[in-house]
Amino acid sequence: MIGNATFRHHNTALLAVSSVEAPVVVKSSDFDTRLAPSLKRLRLSKRLLERVAGVEERRWWAEGTSFDDAAIEAGAKALAESGIEASQVGLLINTSVTRRNLEPSVAVKVHNGLGLPSSAMNFDVANACLGFVNGMTLAANMIDSGQIKYALIVAGEDAQATQETTFKRLNAETSTRDDYLREFATLTLGSGAAAAVIGPADMHPAGHRIMGGVSRAGTQHHELCVGGPDGMFTDTKGLLDNGLKLVTDAWHEAHGDGWDWRAMDRYVTHQVSNSYTNAIIKAVNLVRSKVPMTFPKWGNVGPASLPMTLAQESQTLSTGDRVLCMGVGSGLNTTMMEIQW
């Protein structure tokens with residue numbers, strides 16, 4: 001067997017999932033204006049972000065608001081919605097890609113900002129856009145084992161600084177069409193924050209059961225998408241083709257091990273673009289109306305994009321609905337997780 005086996009959780013429930021939208025709306029047409037010199041010089045069409053990626057706008061934080069402040073806000077919101085007190089939390093996992101320094105972890109500021117107890121473990125899990133789902137899996141295992149009762153998973157992302165740097169680089173006289181295509185994905189990013197509280201299902205019968213799922217790794221493709229403070233450089237076609245194969249392999253592996261996700265009530269995918277979403281829908285024959293799309297208004301908010309979308313969808317889900325979270329992160333890695341509402 002190539003990759004990881006399927007896994008099942010026995011006593012874990014999602015008690016709350018929340019999101020915080022960054023308030024400053026930045027349209028893709030605004031990006032076209034910022035990049036007008038290079039678009040003209042390189043003879044590239046305007047509206048590529050809308051026509052190719054389907055991203056009409058994304059959000060930035062207001063001046064004075066940092067990504068970790070937003071993660072704290074999302075965490076406080078999730079705790080309030082769950083009815084769990086900060087003093088009851090035994091684990092905090094921050095899954096943000098954004099960070100201002102290598103150490104200490106982002107988690108320590110969030111832990112302090114939320115007033116979590118000294119007994120609450122806290123650390124970062126970094127796995128590109130898959131981090132939040134990985135964090136939920138780790139926390140669920142610890143709840144199943146009885147090590148902790150309640151966990152809080154957070155992510156806060158800020159795309160502005162990276163995009164500002166990208167504008168300068170692409171508007172330089174030395175930039176090429178290849179440069180624009182390699183950095184196109186950076187322009188689809190957005191800012192936002194999300195948080196989830198999970199705990200023991202037997203103590204919360206009204207919670208949403210986290211059933212389990214499958215993970216699969218394709219790390220031979222670790223150079224297809226490489227990001228840092230200066231930008232994100234992507235082989236878009238290679239990422240799509242190999243990411244799609246990884247997802248479909250994981251899908252079939254899971255079904256071979258007893259899962260059946262062919263008739264879910266909702267498929268909450270990592271939010272990237274039109275082409276990615278359409279390819280997933282076609283590859284595993286999903287019902288399009290059951291696949292919510294938030295990237296047109298939020299862009300790709302990294303690991304926060306899936307839980308932000310789940311938080312939005314939670315308003316229309318009913319008891320008994322089956323939800324499949326389908327996460328993918330550069331590297332490449334994928335995880336699918338079933339939640340019964």
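The values are calculated or read from the model by the stated rules, or taken from the named source; none is laboratory data. Nothing here was measured: the structure is a model prediction, and the numbers come from that model. Cβ coordinates were reconstructed from backbone atoms using ideal geometry, including for glycine residues, and neighbour counts include every protein chain displayed. The area values use the complete protein model at the heavy-atom level, side chains included, leaving out ligands, DNA and RNA. Shrake-Rupley method; radii C 1.70, N 1.55, O 1.52, S 1.80 Å.
Taking a point 7 Å out from the Cα of Asn274 in the direction of its Cβ, the residues of the range 35-70 whose backbone N falls within less than 13 Å of it are 47-57. Between Thr248 and Ala126, the C-beta separation translates, for a Förster distance of 25 Å, into a calculated FRET efficiency of about 0.45.
Peptides 70-76, 149-155, 56-62 ranked from most to least packed give 149-155, 70-76, 56-62, packing being the mean of other C-beta atoms within 10 angstrom over each peptide's residues. What translational D, rounded to a whole number of µm²/s, comes out for the range 185-277 from Stokes-Einstein when the hydrodynamic radius is the Kirkwood one over Cα pairs, at 25 °C and 0.890 mPa s? It diffuses with D of about 149 µm²/s by this estimate. Taking 16 Å as the straight-line reach from the Cα of Lys27, the lysines in range (excluding those fewer than 8 positions away in the same chain) are Lys46, Lys297.
Between Glu81 and Ala172, the modelled labels are 4.2 nm apart [label points 7 Å from Cα along Cα→Cβ]. Residue ranking by accessible heavy-atom surface, 1.4 Å probe, largest first, among Phe67, Phe233 comes out as Phe233, Phe67.
Computed from Cα atoms alone, the Kirkwood hydrodynamic radius reported for the range 1-106 is 18.2 Å. Here the Karplus relation 6.51 cos²θ - 1.76 cosθ + 1.60, evaluated at θ = phi - 60°, turns the backbone of the range 285-298 into coupling constants of 6, 7, 7, 4, 5, 9, 10, x, 10, 10, 4, x, 10, 10 Hz, with x for every Gly and Pro. Relative protection proxy for 26-37, 187-198, from highest mean packing down: 187-198, 26-37 (other beta-carbon atoms within 10 angstrom). The order of Met121, Met142 by accessible area, most exposed first and with a 1.4 Å probe, is Met121, Met142. Annotation: per residue accessible area for the chain equals 42 Å², rounded to a whole number [probe 1.4 Å, protein chains only]. Measuring how big the chain is from its alpha-carbon positions, Rg and Dmax come out at 19.5, 63 Å.
Measuring nothing but protein heavy atoms, the accessible surface of the chain at 1.4 Å probe radius is 52 percent carbon and sulfur. Between the range 1-42 and the range 95-130, how many Å separate their Cα centres? Here the answer is 19 Å between Cα centres. Measuring nothing but alpha carbons in the range 1-46 and taking Rh as the Kirkwood radius, the Rg to Rh ratio lands at 1.39. Quick one: of Lys109/Lys245; Lys77/Lys168; Lys149/Lys290; Lys77/Lys109; Lys168/Lys245, which pairs are farther than 26 Å apart, Cα to Cα? In this structure, Lys109/Lys245; Lys77/Lys168; Lys149/Lys290; Lys168/Lys245 exceed 26 Å between Cα atoms. Quick one: net charge of Lys149's neighbours, Cβ under 13 Å, K/R +1, D/E -1? Cβ neighbours under 13 Å give a net charge of -3.
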